[in-house]
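Notes to accompany the following structure.
The values are calculated or read from the model by the stated rules, or taken from the named source; none is laboratory data. Being a predicted model, the structure only gives us computed values, none of them experimental. Here the Cβ is made from the backbone with ideal geometry for all residues, glycine too, and neighbour counts use every protein chain on show.
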Amino acid sequence: MAKLHKYKSIVILTGAGISAESGIQTFRDQNGLWENHRLEDVATPEAFKRDPALVHQFYNMRRQQLLSEAIKPNAAHIAIAELQASHPDVFLVTQNIDNLHERAGSSHVHHMHGELLKTSCTACPHIGETLVDLSVDDLCMACGESATTRPHIVWFGEMPIEMEMIFDKLMNCDLFISIGTSGNVYPAAGFVQEARMAGAHTVELNLEPSMGSSAFAEHHHGKATDIVPQYLSKDL
């Protein structure tokens, strides 16, 4: 990791590819969790308003999978946590809603698409934590309203979380690393351009070239559990 310390400010973006090797299925894969569900039915505010029971059922299944003993952080998550522990300025932003970065030892993880183990309320600003299934009968712990508790997830059509902070970090970094992302979901797909405009060196670590691969100055393709530890230790 010594060679990475020549960079003063590092921004790391992670996507579904880093957690896939821990057993978290991705909805863009052929056998992904979302395969039998239209996005419009489970991942929009309109879907929750129309059929909250179905939306809760869908995310309850995802939460149960995340909490199962089979799901653990992998070598890529651990390598990022080790870099954070040894470098003074590593900003970690993830598109993932799991807690594998935290379980690997990362601190200050910025979940731009929300967190599966948290709830929010449609009637008040309350955000809480949960390890259990949600239902339409739940009462908000803060305001007491019923049928307003929802998964703390950024659905399609909603604004990702902490975008002002993320763009500020991108505009001031000198190294941007994208790990396990598809490159076709905005605004994250545009982060590489923001980093390039700031003069940062840009690196893609992915199973295969992403849709935005040509925008990166450096590329390494392969399993995240192989290439992420190798790159962060500068063995590549």
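Could you please give the count of residues in the stretch 52-104 that are of a type outside the set (Gly, Ala, Ser), over 24 Å from VAL185 (Cβ atoms) and part of a loop (DSSP other than H, G, I, E, B)? Residues meeting the conditions: 6.
One residue stands out in the stretch 1-46 among those that are acidic (Asp, Glu) and assigned to a loop (DSSP other than H, G, I, E, B): the one that is modelled with the lowest pLDDT, namely ASP29. Looking only at the stretch 220-236, how many residues end up being in a helix (DSSP H, G or I) and at positive phi? Within the stretch 220-236, residues that are in a helix (DSSP H, G or I) and at positive phi number 0.
Restricting the stretch 55-80 to residues that are buried (at least 20 other Cβ atoms within 10 Å of the Cβ) and among the small types (Gly, Ala, Ser), the residue that is nearest to VAL42 (Cα to Cα) is ALA76. Among all residues of the stretch 107-118, there is at least one that is of a type in the set (Lys, Arg) and surrounded by fewer than 18 Cβ atoms within 10 Å (Cβ to Cβ). Restricting attention to the stretch 164-195, and to residues there that are of a type in the set (Phe, Trp, Tyr) and not in a helix (DSSP H, G or I), which single residue is modelled with the lowest pLDDT? So, considering only residues that are of a type in the set (Phe, Trp, Tyr) and not in a helix (DSSP H, G or I), the one modelled with the lowest pLDDT is TYR186. Looking only at the stretch 88-105, decide whether some residue is at pLDDT 95 or above, small (Gly, Ala, Ser) and more than 13 Å from VAL154 (Cα to Cα). Within the stretch 88-105, one or more residues are at pLDDT 95 or above, small (Gly, Ala, Ser) and more than 13 Å from VAL154 (Cα to Cα). Among all residues of the stretch 196-219, there is none that is hydrophobic (A, V, I, L, M, F, W, C), surrounded by 15 or more Cβ atoms within 10 Å (Cβ to Cβ), in contact (Cβ under 8 Å) with a residue 40 or more places away in the chain and not in a loop (DSSP other than H, G, I, E, B).
Out of all the residues in the stretch 150-170, is one or more within 24 Å of ARG50 (Cβ to Cβ), of a type outside the set (A, V, I, L, M), out of contact with any Ser or Thr (no Cβ under 8 Å at 6 or more places or on another chain) and buried (at least 16 other Cβ atoms within 10 Å of the Cβ)? Yes, because at least one residue in the stretch 150-170 is within 24 Å of ARG50 (Cβ to Cβ), of a type outside the set (A, V, I, L, M), out of contact with any Ser or Thr (no Cβ under 8 Å at 6 or more places or on another chain) and buried (at least 16 other Cβ atoms within 10 Å of the Cβ).
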